[in-house]
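*Asks:* Dumping the structure here so I can ask a few things about it.
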Amino acid sequence: MLNKFSPTQLLGIGFAFLQRFQQRKIRTFSLLFAVALSLTLAVSACSPSASNNGTQETTSPNPAASSTTVHIGYQKASTVLYALKARGELEKAFAASGSSVTWSEFPAGPPLLEALNAGSIDFGYTGESPPIFAQAGGVPLVYVAYDPWSPKAEAILVPKDSPIKSVAELKGKKIAFAKGSNANYLLVKALEKAGVQYSDIQRVTLTPADARAVFERKNVDAWAIWDPYLAAAEAATGARTLADATGLAPNRGYYLAAKSFVDTKPDALKIVLDQVKKVSNWAKNNPGEVAKFLSPALGIDAPVLEIAEKRREYDVLPLTDEVITKQQEVADTFYKIKLIPKEIKVKEIVWQGKVNNS
């Protein structure tokens, strides 16, 4: 009966698994990703449209004639890949060479990267945290490009009538957030800047859906969250922003590929990135259309989504030294607070190829 859950609830279940395994001090996040993937398999098994690999999968019209098949993993909330699938442009780009495309849907970044680890997909997109856990767990992935997203697209919220006026006043308070998320990193950096130790707050680690419920009931004092949940909470409750990520956290997204795909099919990777760039440009210039497109899939009203779209950025850019350094800071922070079991070097898995910026 898992198919009765909404996408947001499915994401919540995945995060709940993440939290439970982290609390038990799992040594490697490969196991965590495997559990998340098992959840995806179970959800799909209950669905009338389930495929054998546990994800919804579609292919280009003539896979039998294909010389190459490119497997793309996507999430509905990952605007660009979801739109690329809907528009069919990638299939057209590969048609001339007789290649095909398959699409597999995932509820969150961790199971998507476990599928990449298993060889089920070649390419996908996640926020800044999942690839850090994946690299720490030994997943053979490569950063091939980044999406600027926006520091305005995540924030620490307090109820509109809260007496709390500054981050420094969060000392000793209950704060909800998804453990290991980009918002977790924002919270750590905001507290650090305010002179508050991470250990000095009461950490309430919850999924976005559960955090929204306790926040509305005022069972927590603050909530660190990202768009579109951020925009939805602001619209529904009048929540006040205590601090967003400006000057604190980059809040970027990353396009990721299997190392085997990068090594053996570099031309196919470049075609994928070119098409991703075109859709990214469309999304950047049409926030209203993007909101209308995403609304039925996410179950969030288009006007609320448009608010989120207008404060985020889109692009497909090569990782610079500055971007790598910032992502390394996220990894080092997660190691420091014991969210990953070992130190990693982000630069070791950055693609050295060229992203077309036209």
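*Asks:* Could you count how many residues in segment 308-337 are within 19 Å of the chain's Cα centre (by Cα) and among the β-branched types (Val, Ile, Thr)?
*Replies:* 5
*Asks:* Next up: Would you pick out the residues in segment 182-204 that are touching a residue at least 40 places away in the same chain (Cβ under 8 Å), within 22 Å of the chain's Cα centre (by Cα) and open to solvent by 10 Å² or more (accessible area, probe 1.4 Å)?
*Replies:* ASN182, VAL188, LYS189
*Asks:* Okay, next question. Kindly indicate whether any position in segment 257-272 is open to solvent by less than 30 Å² (accessible area, probe 1.4 Å) and not in a helix (DSSP H, G or I).
*Replies:* yes
*Asks:* What's the number of the only condition in (1) farther than 27 Å from PRO110 by Cα; (2) not in a helix (DSSP H, G or I) that ILE300 fails to meet?
*Replies:* Every listed condition holds for ILE300 apart from (1).
*Asks:* Would you please list the contacts, defined by Cβ atoms under 6 Å and residues six or more apart or on different chains, that run from a residue in segment 296-308 that is free of Cβ contacts under 8 Å to residues at least 40 places away in the same chain to a residue that is crowded, with 16+ Cβ neighbours inside 10 Å?
*Replies:* Listed pairs, sorted by first residue: ALA302/ALA291; ALA302/SER295; GLU306/PRO287; GLU306/ALA291.
*Asks:* What number goes with the only condition from (1) more than 13 Å from GLY109 (Cα to Cα); (2) touching a residue at least 60 places away in the same chain (Cβ under 8 Å); (3) small (Gly, Ala, Ser) that GLY172 does not pass?
*Replies:* Single failed check for GLY172: (2).
*Asks:* Any idea which residue in segment 205-219 is modelled with the highest pLDDT, counting only those that are crowded, with 20+ Cβ neighbours inside 10 Å and not basic (Lys, Arg)?
*Replies:* Applying the filter and picking the extreme gives PHE215.
*Asks:* Another question, if that's okay. Inside segment 109-142, can you point out the residues that are closer than 21 Å to LEU273 by Cα and open to solvent by less than 10 Å² (accessible area, probe 1.4 Å)?
*Replies:* Those that are closer than 21 Å to LEU273 by Cα and open to solvent by less than 10 Å² (accessible area, probe 1.4 Å): GLY109, LEU112, LEU113, ALA115, LEU116, ILE121, PHE123, GLY124, THR126, GLU128, PRO131, LEU141.
*Asks:* From GLU309, GLU289, which residue is within 25 Å of LYS189 (Cα to Cα) and assigned to a helix (DSSP H, G or I)?
*Replies:* GLU309
*Asks:* Could you list, ordered by first residue, the pairs with Cβ atoms under 8 Å in which the first is in segment 327-349 and under 15 Å from ASN182 (Cβ atoms) and hydroxyl-bearing (Ser, Thr, Tyr) and the second is assigned to a helix (DSSP H, G or I) and open to solvent by less than 10 Å² (accessible area, probe 1.4 Å), at least 6 apart or interchain?
*Replies:* If the second residue must be assigned to a helix (DSSP H, G or I) and open to solvent by less than 10 Å² (accessible area, probe 1.4 Å), the pairs left are THR333/TYR185.
The values are calculated or read from the model by the stated rules, or taken from the named source; none is laboratory data. This structure is a prediction, so every number in the text was calculated from the model and none was measured. Methodologically, a virtual Cβ is constructed for each residue, glycine included, from the backbone with ideal geometry; neighbour enumeration extends over all protein chains shown. Keep in mind that these areas ignore ligands, DNA and RNA; they rest on the heavy atoms of the full protein, side chains included. Shrake-Rupley method; radii C 1.70, N 1.55, O 1.52, S 1.80 Å.
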